[in-house]
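The structure under discussion appears below in the form of structure tokens.
The values are calculated or read from the model by the stated rules, or taken from the named source; none is laboratory data. For clarity, every value in this text was computed on a predicted model and none was experimentally measured. For neighbour counting, all protein chains shown are included, and Cβ atoms are generated from backbone atoms with ideal geometry for every residue, glycine included.
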Amino acid sequence: MSSKGDYGLCEIQFRTIFYSFRYLNPRPPKALSSYSELQAKYVHLCCDTTTLSASLDSERSPDQIIVYEPIPSVCDPSHFDAVKGLLSRITIFSPNHEEAATLLSNHIQHSVGVDSATVSVETLAETFAALGGRTIVIRAGSRGCYILNSNPLFGLIQGKWIPAYWHEDEALAQVQSTTGAGNSFLGGLCAGIELTASDIFMSAPAFSPFLNLRIL
């Protein structure tokens, strides 16, 4: 994976396929200096690990729920140690399945001796949990999302698949673009957690359409 500038061209390799996209607007240059001033119960961060670390170090309420969606340039083996060091400070960690496999590729290769692209989504989530993650939500497109929860705040301590709104065969015809789907889903997930008395497994189905967002 390579990234040319904060909002330049990004190229992501998954297995033997390269994907590319370009940020059209500059990303915010600094971390939020104080969450407490925002009076926000949920904070969804989509940034690099340096910005994440600075934001977590800012003065904020201890009750705030921090949802971290890593940007594509972070989902590279070279950022593994940085992500590992921050996992225990994040309330919900949510990469997509390709990003998760790429980020863990060296770790799984060294510890298990297999290619991370061949392991299950469940194994990826369990690996992040073993590294300190408390609630892992791996978004997997038309397959839905896999939630592995060890935080009693969010309901049952378990792992569970939540199906996508469109089935895989339907998605080919119905989904025009998935741009922004991860952001939309996680924003909806936060709303769902609030509306369902913090039951994350009840929250995700309500917003599963955004796993494979249809843009008209």
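Scanning segment 166-194 for residues that are assigned to a loop (DSSP other than H, G, I, E, B), buried (at least 18 other Cβ atoms within 10 Å of the Cβ) and out of contact with any Phe, Trp or Tyr (no Cβ under 8 Å at 6 or more places or on another chain) yields Trp166, Thr178. For segment 144-153, the set of residues classified as crowded, with 18+ Cβ neighbours inside 10 Å and either modelled with pLDDT of 95 or more or touching an Asp or Glu at 6+ places or on another chain (Cβ under 7 Å) (or both) consists of Tyr146, Ile147, Leu148, Asn149, listed by residue number.
For segment 133-188, what are the residues that are aliphatic (A, V, I, L, M) and touching a helix residue (DSSP H, G or I) at 6+ places or on another chain (Cβ under 8 Å)? Hits for segment 133-188 are Ile136, Val137, Ile138, Ala140, Ile147, Leu148, Leu156, Ile162, Ala164, Ala171, Val175, Ala181. As a summary of the residue check, Ala197 satisfies the conditions (1) touching a residue at least 60 places away in the same chain (Cβ under 8 Å); (2) surrounded by fewer than 14 Cβ atoms within 10 Å (Cβ to Cβ) except for the one numbered (1). Report yes if Thr135 is closer than 21 Å to Asp199 by Cα, of a type in the set (Ser, Thr, Tyr) and modelled with pLDDT of 95 or more, otherwise no. Judged against the criteria, Thr135 is a match.
In the condition set (1) buried (at least 18 other Cβ atoms within 10 Å of the Cβ); (2) hydroxyl-bearing (Ser, Thr, Tyr); (3) modelled with pLDDT of 90 or more, Ser78 is compliant with all but (1). When Lys30, Lys41 are checked against the criterion of being modelled with pLDDT under 95, of a type in the set (Lys, Arg) and either under 25 Å from Gly192 (Cβ atoms) or buried (at least 20 other Cβ atoms within 10 Å of the Cβ) (or both), Lys41 stands alone in meeting it. Answer yes if at least one residue in segment 79-93 is closer than 20 Å to Ala130 by Cβ, in contact with a Ser or Thr (Cβ under 8 Å, 6 or more places away or on another chain) and aromatic (Phe, Trp, Tyr), and no otherwise. Yes, some residue in segment 79-93 is closer than 20 Å to Ala130 by Cβ, in contact with a Ser or Thr (Cβ under 8 Å, 6 or more places away or on another chain) and aromatic (Phe, Trp, Tyr).
Among the listed residues Glu168, Glu194, which satisfies the condition of being of a type in the set (D, E, K, R) and under 18 Å from Ile65 (Cα atoms)? Answer to the selection: Glu194.
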